[in-house]
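Here the structure comes first, spelled out in structure tokens, and everything after it is commentary.
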Amino acid sequence: MSVNAYVRRILARWRIIAVVTVALTLAGLVVTLTADPVYTSRAELYVASAGDDSDLEAVVADGVQVKGRALSYAAVASSEQMALRVIDDLGLDESAEDVAGRISTTVPFATVIIDLTATGDTPEEARDVAAAVVASYNDVLADVETADVGGLQVEVAVLKEATLPEDPTSPRPLLNLAAALLAGLLLGVALAALRDLFDERIRTPDDLRGLGLVPLGTITPGDGLEAVCDAVLAATAGTAHRAVVITPLHDGLDDVADTLTDAFAAAGYRAHAVRPGPGPDGERQVAALRDQYDVLLVASNHAVLLAGGLDGAILVLEPGRVDRASVAETARQHTDAGARVLGAVFAGPHHS
């Protein structure tokens, strides 16, 4: 099956995709509207040598060591020791783990700058937490390790004080809805593909080919009849008086033989549809009519029993109504009866 054909099969299940997409988008909307706002305050710190050495080589060496320790110092901001100090300073009724989870830091590559962020339920709370971290930074550093590392004095200075955020950073309605929409589309397509994988119904010409059947065309009102007639004539080429069994695989297709008869007649052929009974009487009826017409279409519940003596059989089904096993079994019955299965015809529009 080609990629385009497979894509069309998946898109034919658009209802699944639409329902899942709408459901997840609505869920994203509900979460966005009910979520509490979160504000984020930002500050910038600078890790530097506090020494007053004027020797250039010593200053360079100090800088290299400070850079190497910047990441370690950044981690102090969200440590338990820092969280406990913030709780004491602000009188927060939270655990150290919860407060530490509201504090984060990053160190831009190859710098000694620490970008600090702290969140809160209000702008003031976010700013106060960030400010408390900044105020306690050097004291916590002194507690976790000596500030004199191999003779190197290190301290954290403030480049930018904690800001008072104006707008919440979460929830973000447009981003949340876009993410929910995309997730819904992806999940919907995945479910449609999974549904198609386990769907045994015959829907496309490729499904017929997979059973070894030739797709002869599709009969729709005012369209496709010429192609079907041409396929039947080509499959029975060399026979002056064609007699072909028409076998519907389910109810609602009893008029297909009449429809094809009209199409053959419109193309200039003497055509007739007959519904013989079972047994010898039916065989004699078909034999008597065969030489009178260019195309004789035999439609009957017992037609399969007559198929062995005719020029072939055509299976007729509506897309999505019959599973592969049923089609394969019907084709086998015709073959066992000595008939040549010319192929299959779709009757009615494709539907999901």
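The values are calculated or read from the model by the stated rules, or taken from the named source; none is laboratory data. Remember, it's a predicted structure, so these values are computed and weren't measured experimentally. Cβ coordinates were reconstructed from backbone atoms using ideal geometry, including for glycine residues, and neighbour counts include every protein chain displayed. Accessible surface areas use protein heavy atoms only, side chains included; no ligands, DNA or RNA. Shrake-Rupley method; radii C 1.70, N 1.55, O 1.52, S 1.80 Å.
Of the candidates VAL86, VAL66, the single residue that is β-branched (Val, Ile, Thr), farther than 30 Å from ALA180 by Cβ, at pLDDT below 90 and open to solvent by less than 30 Å² (accessible area, probe 1.4 Å) is VAL66. Listed by first and then second residue, the pairs with beta-carbon distance under 9 Å, at least 6 apart or on different chains, first residue in region 296-321 and part of a helix (DSSP H, G or I), second at pLDDT 85 or above and hydroxyl-bearing (Ser, Thr, Tyr), are ALA303/THR247; VAL304/THR247; VAL304/THR330; ALA307/THR247. As a summary of the residue check, PRO108 satisfies the conditions (1) touching a residue at least 24 places away in the same chain (Cβ under 8 Å); (2) outside any helix (DSSP H, G or I); (3) under 39 Å from the mean Cα position of the chain (by Cα) except for the one numbered (1). The lone criterion from (1) crowded, with 17+ Cβ neighbours inside 10 Å; (2) modelled with pLDDT under 90 left unmet by VAL133 is number (2).
Out of ALA267, ALA299, one residue alone is farther than 19 Å from ALA240 by Cα, surrounded by 13 or more Cβ atoms within 10 Å (Cβ to Cβ) and of a type in the set (A, V, I, L, M, F, W, C). It is ALA299.
Taken over region 13-32, the residue count meeting the criterion of being surrounded by 18 or more Cβ atoms within 10 Å (Cβ to Cβ) and within 16 Å of LEU194 (Cβ to Cβ) is 5.
Condition check: hydrophobic (A, V, I, L, M, F, W, C) and either within 17 Å of GLU125 (Cβ to Cβ) or modelled with pLDDT of 85 or more (or both). Does VAL47 satisfy that? Spelling it out, VAL47 is indeed hydrophobic (A, V, I, L, M, F, W, C) and either within 17 Å of GLU125 (Cβ to Cβ) or modelled with pLDDT of 85 or more (or both).
On the basis of being touching a strand residue (DSSP E or B) at 6+ places or on another chain (Cβ under 8 Å), over 30 Å from LEU11 (Cβ atoms), β-branched (Val, Ile, Thr) and modelled with pLDDT under 90, does THR335 make the cut? Criteria met by THR335.
Looking only at region 251-272, how many residues end up being farther than 18 Å from ALA313 by Cα, under 40 Å from the mean Cα position of the chain (by Cα) and at pLDDT 85 or above? Of the residues in region 251-272, 0 are farther than 18 Å from ALA313 by Cα, under 40 Å from the mean Cα position of the chain (by Cα) and at pLDDT 85 or above.
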